[in-house]
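Read the structure below first, then the notes.
The values are calculated or read from the model by the stated rules, or taken from the named source; none is laboratory data. Computed from a predicted structure; not experimentally measured. Glycine gets a Cβ as well: all are built from the backbone with ideal geometry, and neighbour counts include every protein chain shown. The accessibility values were calculated without ligands, DNA or RNA, using every heavy atom of the protein model including side chains. Shrake-Rupley method; radii C 1.70, N 1.55, O 1.52, S 1.80 Å.
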Amino acid sequence: MRNIKFLIIHYTGMKNFQSAVDRLKDPNSEVSSHYLISRSGRVLELVKPRDIAWHAGVSAWRGIKNINKNSVGIELENKGHDFGYQKFPKVQIRNLIILLKKLKKKFKIKNINIIGHSDVTPSRKIDPGEKFPWKLLSFKDVGIFHNLEEKILKYYRGKKVIGKSRYTEIMNLAQKLGYTFTNFSKKNLSYFTKAFQRRFRQNLIKGYFDQECYLILRNLVKLHS
Ligand SMILES: [Zn+2]
């Protein structure tokens, strides 16, 4: 049995369900996934978890590169940012949570390792995107979130994090959560910031790591790493 450590959530980014199924099943597409969940909540198992699927591409998490071999991929039917990004229906999320709970138990996955495609490939991918309910997943014990209050956080929005060394500190803290960098360049900080905001500060995605992001990041590390 391969060593499954991570559960990766995606959206299909295709115009409709059938084209997503066709693409994921087509051996020439070089993309596959273990599960696909339709907007009506139907769960398809396309690849057995014991086998590798090709869903993450060039990727890294927790210091491990190319994480297909260590992960299970779950695709959610959604047109995505290119074709009209949609809200995720309740029934789709409900059935996703049921599936995550089952996989978490079976493979002893930690909540901190239930993540999105954009977390493992921040320079290339933005799925499942800023409409995905990470806070609800955390509440259901299949994922992580911060426990800071919105009304307090708001005050720090857009404010500059002072000091040059802070950027090294930010990336070090990010690595404690699992984000993995080839180097601490400005570019990588900006990619990370967008992925981080899509997940933990969904109403403002700018790629600028402000004080609000800094507080959230420190809170997450304190709670979960
Ligand atoms: Zn994806």
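Among the residues of segment 185-203, write down those that are open to solvent by 50 Å² or more (accessible area, probe 1.4 Å) and touching an Asp or Glu at 6+ places or on another chain (Cβ under 9 Å).
Scanning segment 185-203 gives Gln202, Asn203.
Please verify whether segment 121-141 includes one or more residues that are within 28 Å of Met14 (Cα to Cα), touching a strand residue (DSSP E or B) at 6+ places or on another chain (Cβ under 6 Å) and among the hydrophobic types (A, V, I, L, M, F, W, C).
no
Has segment 162-169 got at least one residue that is buried (at least 17 other Cβ atoms within 10 Å of the Cβ) and either in contact (Cβ under 8 Å) with a residue 24 or more places away in the chain or farther than 27 Å from Val142 by Cα (or both)? Don't jump to the end; show me each part of the working.
First, pick out the residues of segment 162-169 that are buried (at least 17 other Cβ atoms within 10 Å of the Cβ): none.
Scanning segment 162-169, I find no residue that is buried (at least 17 other Cβ atoms within 10 Å of the Cβ) and either in contact (Cβ under 8 Å) with a residue 24 or more places away in the chain or farther than 27 Å from Val142 by Cα (or both), so the answer is no.
Tell me, please, whether a residue that is of a type in the set (Gly, Ala, Ser), at pLDDT below 95 and either within 16 Å of the ligand (Cβ to nearest atom) or farther than 17 Å from Ala20 by Cβ (or both) can be found in segment 159-180.
Yes, that holds for at least one residue.
Looking at Val72, Val58, can you tell me which residue is within 15 Å of the ligand (Cβ to nearest atom), outside any helix (DSSP H, G or I) and farther than 27 Å from Lys135 by Cβ?
On inspection, the qualifying residue turns out to be Val58.
So which residues in segment 116-137 are open to solvent by less than 30 Å² (accessible area, probe 1.4 Å) and assigned to a helix (DSSP H, G or I), if there are any at all? Spell out how you get there, then give the answer.
Filtering segment 116-137 for residues open to solvent by less than 30 Å² (accessible area, probe 1.4 Å) gives 116-121, 127-129, 132, 134, 137.
Within segment 116-137, His117, Ser118, Asp119, Val120, Trp134, Leu137 qualify.
Out of Arg2, Arg94, report the one residue that is in a loop (DSSP other than H, G, I, E, B) and either surrounded by fewer than 15 Cβ atoms within 10 Å (Cβ to Cβ) or more than 14 Å from the ligand (Cβ to nearest atom) (or both).
When all the criteria are applied, what remains is Arg2.
Would you mind stating whether Thr182 is within 19 Å of Val58 (Cα to Cα), open to solvent by 80 Å² or more (accessible area, probe 1.4 Å) and not aliphatic (A, V, I, L, M)?
So Thr182 fits the description; yes.
Look at segment 71-87 and say how many of its residues are in contact (Cβ under 8 Å) with a residue 40 or more places away in the chain and surrounded by fewer than 20 Cβ atoms within 10 Å (Cβ to Cβ).
Residues meeting the conditions: 7.
Confirm whether Asp141 is on the phi > 0 side of the Ramachandran plot and outside any helix (DSSP H, G or I). Lay out the reasoning, then the answer.
Working: on the phi > 0 side of the Ramachandran plot: yes; outside any helix (DSSP H, G or I): yes.
It is true that Asp141 is on the phi > 0 side of the Ramachandran plot and outside any helix (DSSP H, G or I).
Under 6 Å between Cβ atoms, at least 6 apart or on separate chains: pull out the pairs that start in segment 31-56 with a residue that is closer than 14 Å to Tyr11 by Cβ and end on any residue that is among the small types (Gly, Ala, Ser) and buried (at least 19 other Cβ atoms within 10 Å of the Cβ).
Hits for this filter: Ser33/Ala53; Ser33/Gly73; His55/Ser33; His55/Gly73.
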